[in-house]
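S.K.: Quick one: structure below, then a few questions.
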Amino acid sequence: MKRLLVALVLAGVFASPVQAADAPARTAYRAARLLDVDSGRYVDDPVILVESGRIVSVGSRVAVPDGVPVVDFGDVILLPGLIDAHVHLTGGPDAAARSQSRNVLYAARSAQNSLFAGFTTLRSMGGPAYSVIALRDAINDGDIVGPRILDAGALVAVTGGHCSGPRVFRPEIAPTAEGVADGPDELRRTTRKLIKYGADFIKACITGGFVSGTNPNQVQFSEEEVRAVIDTAHGLGRKVAIHAHGVDGIRLAARLGADSIEHGTLIDDEGIAAVKKGKVYIVPTVKVMASSVEKAKKAGASESTLLALAAARDAQKRNLAKAYAQGVVFAFGTDFTQDGSNATEFSALLELGLTPLQAVQTATVHAAQLLGQSGRIGRVAPGHFADFIAVRDDPLRDVRALEKVVVVVKNGELVRNDLAATPLLRRAALAAVEQAADREDHGHVHAH
């Protein structure tokens, strides 16, 4: 029995970290360099002193108190844990056909893939039957390992609109999604319900989309409906993300006080002005659009569909490059069903004219500000959660270095360490399982 348990741990079956009872409350982490994401300067020989999941002090002259263990990562570069502000953890072609329980497990795998890729915080656009809220709570309670998650509960949409559910009647699948409502009163009620059941923010799809068979230029909500969602959410202390590809939807959302525009694909000069005036973030999700043509081709899409997607991809790059050059603030988001490839979005941002540092800032300080989490995440600084990662190569020289994360620390716990022969978490889990197995072997564990 003992050998079986040990084998399971070494195989990675137990994903949740197991810490020894005498695990130190304080730990110091050391590396060759630390990137200050505000200035773009490097701190040499940094020490990060962590206590109870928070950073106590950081710098090259930090004195490590006697008795505090030091984890030295060696010749690597540290930077803050990354933030992906637009994910779909329960996505995929068969998402609607899965049970709620299966969706939670699918989301857990997706979330862990992102965490191990260096993304310690995710803003999730909701899932069927509040499944990601259940995952968020399990992570927060320490039941399983995962990133910090802010979740929308469900996508708010109008009947027949983008995000409203299957467009083909199938009696075995709910005909409409959880967040579907019509008219200002229903949308207020739906917004309140989502928040009642735990939504951290509200996501509303007010224009059509490229993959739902709806027109991305068309505004599907009335102005009163958009206002009802935004005002209700803000009144209850929640931010609002608005899915909008077309220019009319972008202008309307910005004018009515949205906190972020998701995609912003067809933004024009008036839209840029409205977004800047309202201090609205754009989450551009560039990579997913860039790859849509190849995916559609593999799926056997018609020539007209391929041409439309290619035109939208090229327009997105032109429009968003112009928006960024004129001062619109971007926050990092991928729009992926997460397979751990989140960091490929950085290279796509460089194609819009961002520098490597500016791209990194979209996934740290700017995303933290959008999420209302400045002072907690997005920087390696005193008082912040101890969320940081390490890479071997300089991301300011080649941003693709962020696709090869070797260390992830979340909330002061080492959840990935490719630099050690046996990662710390696996050693801790192995020790705990061996202790349990020893107790069982000696008859100290009884079935109930």
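S.K.: If the viscosity is 0.692 mPa s and the temperature 37 °C, what translational diffusion coefficient in µm²/s does Stokes-Einstein give for the stretch 199-285 when Rh comes from Kirkwood over Cα pairs?
M.R.: Stokes-Einstein gives a translational diffusion coefficient of 263 µm²/s.
S.K.: Provide K276, K196 in ascending order of the number of other Cβ atoms located within 10 Å of each residue's Cβ, fewest first.
M.R.: Listed from fewest to most nearby Cβ atoms, that is K196, K276.
S.K.: To make sure I understand the rule: partners must be lysines, Cα under 18 Å from the Cα of K196, and not fewer than 8 residues away in the same chain. Which ones qualify?
M.R.: Here the lysines satisfying the reach criterion relative to K196 are K239.
S.K.: Using mean Cβ contacts within 10 Å as the protection proxy, how do 277-289, 178-190 order, highest first?
M.R.: Answer by packing, highest mean first, reads 277-289, 178-190.
S.K.: Between helix 100-116 and the chain, what is the angle of the helix's C-alpha long axis to the longest principal axis, kept within 0 to 90° and rounded to the nearest 10?
M.R.: The helix 100-116 is inclined about 70 degrees to the chain.
S.K.: Mean-square fluctuation check for the chain, GNM, Cα pairs under 10 Å: which of A348, A138, A331 is largest?
M.R.: A138
S.K.: With a 10 Å cut-off between alpha carbons and a GNM built on the chain, which of H243, H234, H162 moves the most?
M.R.: It is H234.
S.K.: OK, next. Going by average Cβ neighbours within 10 Å, how do the peptides 147-160, 212-225 rank, with the highest at the top?
M.R.: Descending mean neighbour count gives 147-160, 212-225.
S.K.: So which aspartates and glutamates can K317 reach, going by Cα to Cα under 15 Å and dropping same-chain residues fewer than 8 places off?
M.R.: Counting by Cα, and skipping residues close in sequence, K317 has these aspartates and glutamates nearby: E262, D268, D269, E345, E351.
S.K.: Could I ask something else about it? Rounded to the nearest 500 deg cm²/dmol, what is the calculated helix-only ellipticity per residue at 222 nm for the chain, with -39500 (n - 2.57) per DSSP H run of length n ≥ 4?
M.R.: -10500 deg cm²/dmol
S.K.: For E294, E51, which order do you get if you count the other beta carbons within 10 Å of each Cβ and list the fewest first?
M.R.: Lowest count first: E294, E51.
S.K.: To test your reading of the geometry: what angle, between 0 and 90 degrees and rounded to tens, separates the Cα axis of helix 269-278 from the longest principal axis of the chain?
M.R.: For 269-278 against the chain, the angle is about 50 degrees.
S.K.: Of the peptides 248-256, 53-61, how do they stack up when ordered by the mean number of other Cβ atoms within 10 Å, highest first?
M.R.: 248-256, 53-61
S.K.: Can you tell me what the convex hull of the Cα atoms of the chain projects to on average, as an area in nm²?
M.R.: Directional mean of the projected Cα hull area for the chain stands at 23.8 nm².
S.K.: Something else: For the stretch 261-375, just the Cα set please: Rg and Dmax, both in angstrom.
M.R.: Cα-based Rg and Dmax for the stretch 261-375 come out at 14.6, 49 Å.
S.K.: Can you pull the three principal axis extents for the Cα set of the stretch 67-161, in Å, largest first?
M.R.: Cα spread of the stretch 67-161 along its principal axes, largest to smallest: 59, 25, 20 Å.
S.K.: Order of T120, T305 from fewest to most other C-beta atoms within 10 Å?
M.R.: Starting with the residue having the fewest Cβ neighbours, the order is T305, T120.
S.K.: Quick check of the Kirkwood formula: for the stretch 173-225, what is the inverse mean of 1/r over all pairs of different Cα atoms, in Å?
M.R.: For the stretch 173-225, inverting the mean 1/r across all distinct Cα pairs yields 12.4 Å.
S.K.: In a GNM of the chain with a 10 Å cut-off on Cα contacts, which of N113, N140, N103 has the highest mean-square fluctuation?
M.R.: Of the options given, N140 has the highest mean-square fluctuation.
S.K.: Among the listed pairs K279/K322; K298/K410; K276/K410, give every one whose C-alpha distance is greater than 27 Å.
M.R.: Table pairs above 27 Å Cα-Cα are K298/K410; K276/K410.
Where a number appears in this text, it was derived from the coordinates with a stated rule and is not lab data. It should be emphasised that the depicted structure is a prediction, and the values quoted were computed from it without experimental measurement. Here Cβ is always computed from backbone atoms with ideal geometry, including for glycine, and neighbour counts include all displayed protein chains.
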